[in-house]
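First up is the structure itself, then whatever we jot down about it.
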Amino acid sequence: MTMPRARRTISNWFSVLALVLAVAWPCTALADEPMMIGGCGGAYLLAEPGELVVDVFKRDRNTTDKPSILKAMLVGPDRQIVGQAVIPDDDRPKDSGMGPFFKARLTAKVERQGIYVLNVTFAEDRYGDRAIWGLTTNCPRYLIESSRGHRDRRHEEPIVLAGGDQPADVCFHPQADPIRIDVSALPANVEKLTLYDAAGQTLAELPVADGKTSVTIGPDVPRDAPFWRLRLPRGKGVVEIDGLTRWGSNDPDADQCLWTPDASTWFDLPALHWLITPYHRVLYRQPGDTLTATFDIYNHTGESRTIDLAIEADINANAQVTPAQVELAPYQTAQVVVTCPAPSAAGQSRDIHIRATPRNNPQFSTYATLTAAAGQAPAMRSFDLPLKLLPYQHENQLLGYEPSYPNDWEMYFDLNNQPIMRSNRDILALRDGGWTTLPLRQTAQGKDDLGYPKLRGISKIAFDSDNDIYIADQDADKTLLWHSSDDGKSFEGYDLGPQGAVDIEHFTGHNMPSGPPPVLRAILTEVDEAHFWRKLSRLEMFLPRKQDGRLVIGEPILVAEGTLGVGSHSGIPAAVVSRGSKVHLIWGIATDPDKPGPGVPTYVATYDRDTQQFEGEPALIGYGEPPNDVHNRPSITIDSKGYLHALTGTHSRTFYYARSLQPDTAAAGWTEAAPVADGLRQTYIGLVCDQDDTLHLVYRLWADHQPPALPGLHAELEYQRKKPGQPWEAPRALVISPLDDYSIFYHRLGIDRLGRLFVSYDYWSTYWFYRNDHRGARRAMMMSPDGGDTWKLVDGADLSR
């Protein structure tokens, strides 16, 4: 996507800098230049009481006309922001060479020991290619995490050293497996590198030829030292190390490039990451009522550890943590419970700090914070849109969101409006006022003929007119359908044959199949190496039927070749809806890359269960831009009169809408496809139709920043609706992302049998540094009880109605 280039004069940013806590200025002279590195990322600092000072430096590469604007955040152990800074572009022209040093100072008053976090990103440059950065600090213990935005390939984080002529070190924790070290882009006069252990003993010498070197360190070399140190005679080069910048599939430290250029700053963060989480939790209770909060204590090491817990709060808090110590096996999690009374008056709050200290490493200690508030949580009532997430402050910290229901994925509702959902490993359902685990996983494990070890595949759950439960799944080499006819008390699994991406008809407001729901299977047939998003699949449909209490699966029905498959990413659009014997399907087709056309051709067809035939030829209803892109999966729904409503899928382009001219058939013509709005950059359709036949649409939208914000774009979770006989209404933002640049929400739009809308979403930032810092998912669920007029976060009582 091409964005208009902003003016690069420094003075233009003064209005922006007034919004932050630190202002950047050019450095005319530096006595000691800091080690400068490429990419993005940040640092973890084990800070002691007193003033913490972090100076962040930037130099522009000036290899492009695009501006280079560094954004830095300093956050505390409980991830509350304590400082922010922006370092503007140096206003030099393209190809003018490396620019001068700019510096911004961030400070914080540290009241108690803990791990502070420096977060560094660049506006519209998620890989940090346009500048180099570095830091100095008065904190004696810190580690850098080199990271960038995601790429659609295997994750690697090469360390780009961009210092001067002075020697440089890369200190890192060695993995147990063999370690290959590759260093490239070395200066011409560098002849060798040296690898040391923490005690300074030489482990290997790496001769340099043509500016690069490689070595593999076998498992026989002792790993008992806390870190190894790779010495470069000059501080320039690109360093890649197994277990540090690239990882195996089972690496417990995967995706974390933690290192330091100074051996004296090393501390044992790699072994003790995520010691206590969540970092900050906000709970509301009525004044004086007892408040109970749980925190996870995690042992991120291969050894057993004992963690001591303690409360740090004012004497009036009357808080306790139970137990006061936990013993954890390797990579084990335990929960501790903090209890305290809510403040005595509504509107008051107090902070309680829970300290976690490893007994065998007491110099490493950090804490989480519980904010105990008196009154009703804002999450319990409707709020004004949009919900603007802030960095490190999401639904709980902003609104006191505290779900009393499982929240791994989206909810579905059976014919009695009982909620049911897939967790990451089980099926969970609300029964008799409490959440219970349904026995699908145990049944699956007992099926030796299926050999099915755990739940995988799409998160949808379907029902038929008898309220039977259906779940489509996939194993390593087969497609599966699970069926329960006794309200989930037992399940039977059916092997559908070769493995493929699966989809199943789910409720979108008015659809109800005459028998078991249709199941779609997309078998990958071609991957186009020259066009990354062009992946072709053969699309098939199964129409099971019931016979003597069991399912008869039948042979697969070919829908089309060369399709772009089915979607289980964000939006999980409906590819099939039924009413009576009529089954209506929608799909997109790949085209010739040499003659791609205006977009992905989108087809709809109707299959009749009674005649066992398609009704005529598939109807071409429109195109989804750009062509040959698997993001462009369309969606279909049906209204109370049987009319079909379809949207073409797009990737950062505008959706197009069409409606069938006759009910219950795709073969009698369609309205001309028309955009749902002008110029929207939409992706990932979620579409349902309510009891009044109003269409509801949720998707990700790219939105440009508006002055005085920095130039760039951000993601929004957006909502639109179309009432019968009226045009699509203007978009409304439901959620705004806390960080700029690429984001997704992994959203799912659903509707219950009362017509209430439910949006489940899990914010995901492109930045590995931000995601790595958070342990667990961020999924939340909001709802509208009145057709999209008002919205609130879902509480447990909403699911019992």
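The values are calculated or read from the model by the stated rules, or taken from the named source; none is laboratory data. Everything quoted here is computed from the prediction, not taken from an experiment. Using ideal geometry, Cβ is built from the backbone for each residue, glycine included, and neighbour counts are taken over all protein chains shown. SASA here: full protein model, heavy atoms, side chains in, ligands and nucleic acids out. Shrake-Rupley method; radii C 1.70, N 1.55, O 1.52, S 1.80 Å.
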For this session: Could you run through the stretch 714-730 and say how many residues are surrounded by fewer than 19 Cβ atoms within 10 Å (Cβ to Cβ) and either at pLDDT below 95 or not hydrophobic (A, V, I, L, M, F, W, C) (or both)?
Result: 7
Exercise. Within the stretch 306-313, can one find any residue that is at pLDDT below 95 and part of a loop (DSSP other than H, G, I, E, B)?
Worked result: yes
For this session: Filter the stretch 573-614 down to residues that are part of a loop (DSSP other than H, G, I, E, B), open to solvent by 30 Å² or more (accessible area, probe 1.4 Å) and within 15 Å of Pro518 (Cβ to Cβ), then give me how many there are.
Result: 3
For this session: Among the candidates Ala733, Ala667, Ala709, Ala658, single out the residue that is in contact with a strand residue (DSSP E or B) (Cβ under 7 Å, 6 or more places away or on another chain) and either of a type in the set (Lys, Arg) or part of a loop (DSSP other than H, G, I, E, B) (or both).
Result: Ala667
Exercise. Among (1) more than 23 Å from the chain's Cα centre (by Cα); (2) loosely packed, with under 15 Cβ neighbours inside 10 Å; (3) modelled with pLDDT under 95, where does Ser264 come up short?
Worked result: (3)
Exercise. Does Arg659 qualify as being in contact (Cβ under 8 Å) with a residue 12 or more places away in the chain, among the basic types (Lys, Arg) and closer than 17 Å to Ser743 by Cα?
Worked result: no
For this session: Count, please, the residues in the stretch 776-794 that happen to be crowded, with 17+ Cβ neighbours inside 10 Å and at pLDDT below 95.
Result: 1
Seminar exercise, completed: Going through (1) in contact with a Gly (Cβ under 9 Å, 6 or more places away or on another chain); (2) open to solvent by less than 60 Å² (accessible area, probe 1.4 Å); (3) part of a loop (DSSP other than H, G, I, E, B) one by one, Gln256 fails only at (1)
Seminar exercise, completed: Of all strands (runs of 3 or more DSSP E) fully inside the stretch 78-155, the set with 2 or more residues that are under 25 Å from Gly237 (Cα atoms) is 102-110, 114-122, 131-137, 142-147
Exercise. Only one of Arg732, Arg748, Arg700 is out of contact with any Ser or Thr (no Cβ under 6 Å at 6 or more places or on another chain), under 21 Å from Lys388 (Cα atoms) and among the basic types (Lys, Arg); which?
Worked result: Arg732
For this session: Select from the stretch 75-124 the residues that are of a type in the set (Asp, Glu), surrounded by fewer than 19 Cβ atoms within 10 Å (Cβ to Cβ) and in contact (Cβ under 8 Å) with a residue 40 or more places away in the chain and list them in ascending order.
Result: Asp91, Glu111
For this session: Would you mind telling me which numbered condition in (1) of a type in the set (Gly, Ala, Ser); (2) in contact with an Asp or Glu (Cβ under 8 Å, 6 or more places away or on another chain); (3) open to solvent by 30 Å² or more (accessible area, probe 1.4 Å) Ala131 fails?
Result: (3)
For this session: Kindly indicate whether Ala346 is touching a residue at least 12 places away in the same chain (Cβ under 8 Å) and either surrounded by 16 or more Cβ atoms within 10 Å (Cβ to Cβ) or under 28 Å from Phe769 (Cβ atoms) (or both).
Result: no
Problem set entry | Single condition Asn318 does not satisfy, out of (1) more than 30 Å from Gln84 (Cα to Cα); (2) open to solvent by 80 Å² or more (accessible area, probe 1.4 Å); (3) modelled with pLDDT of 95 or more | (3)
For this session: Please identify the pairs in which a residue from the stretch 465-476 that is under 12 Å from Ser514 (Cα atoms) has its Cβ atom under 8 Å from the Cβ atom of a residue that is part of a strand (DSSP E or B) and open to solvent by 30 Å² or more (accessible area, probe 1.4 Å), counting only partners at least 6 apart or on another chain.
Result: Ser465/Met512
For this session: Examine the stretch 447-467 for a residue that is modelled with pLDDT of 90 or more, charged (D, E, K, R), buried (at least 21 other Cβ atoms within 10 Å of the Cβ) and more than 24 Å from the chain's Cα centre (by Cα), and state whether such a residue exists.
Result: yes
For this session: Please find, among Thr665, Thr606, Thr648, Thr611, the residue that is hydroxyl-bearing (Ser, Thr, Tyr) and under 28 Å from Tyr761 (Cβ atoms).
Result: Thr648
Exercise. Can you name the residue in the stretch 161-197 that is more than 36 Å from the chain's Cα centre (by Cα) and touching a residue at least 60 places away in the same chain (Cβ under 8 Å) and, of all such residues, is most open to solvent (accessible area, probe 1.4 Å)?
Worked result: Gln166
For this session: Please indicate, with yes or no, whether at least one residue in the stretch 694-703 is of a type in the set (Val, Ile, Thr), closer than 23 Å to His645 by Cβ and either in a loop (DSSP other than H, G, I, E, B) or out of contact with any helix residue (DSSP H, G or I) (no Cβ under 9 Å at 6 or more places or on another chain) (or both).
Result: yes
Problem set entry | Subset of the stretch 200-217 (residues that are more than 40 Å from the chain's Cα centre (by Cα) and more than 15 Å from Val238 (Cα to Cα)) | Gly200, Gln201, Thr202, Glu205, Pro207
Exercise. Mind checking whether some residue in the stretch 553-564 is in a loop (DSSP other than H, G, I, E, B) and open to solvent by less than 30 Å² (accessible area, probe 1.4 Å)?
Worked result: yes
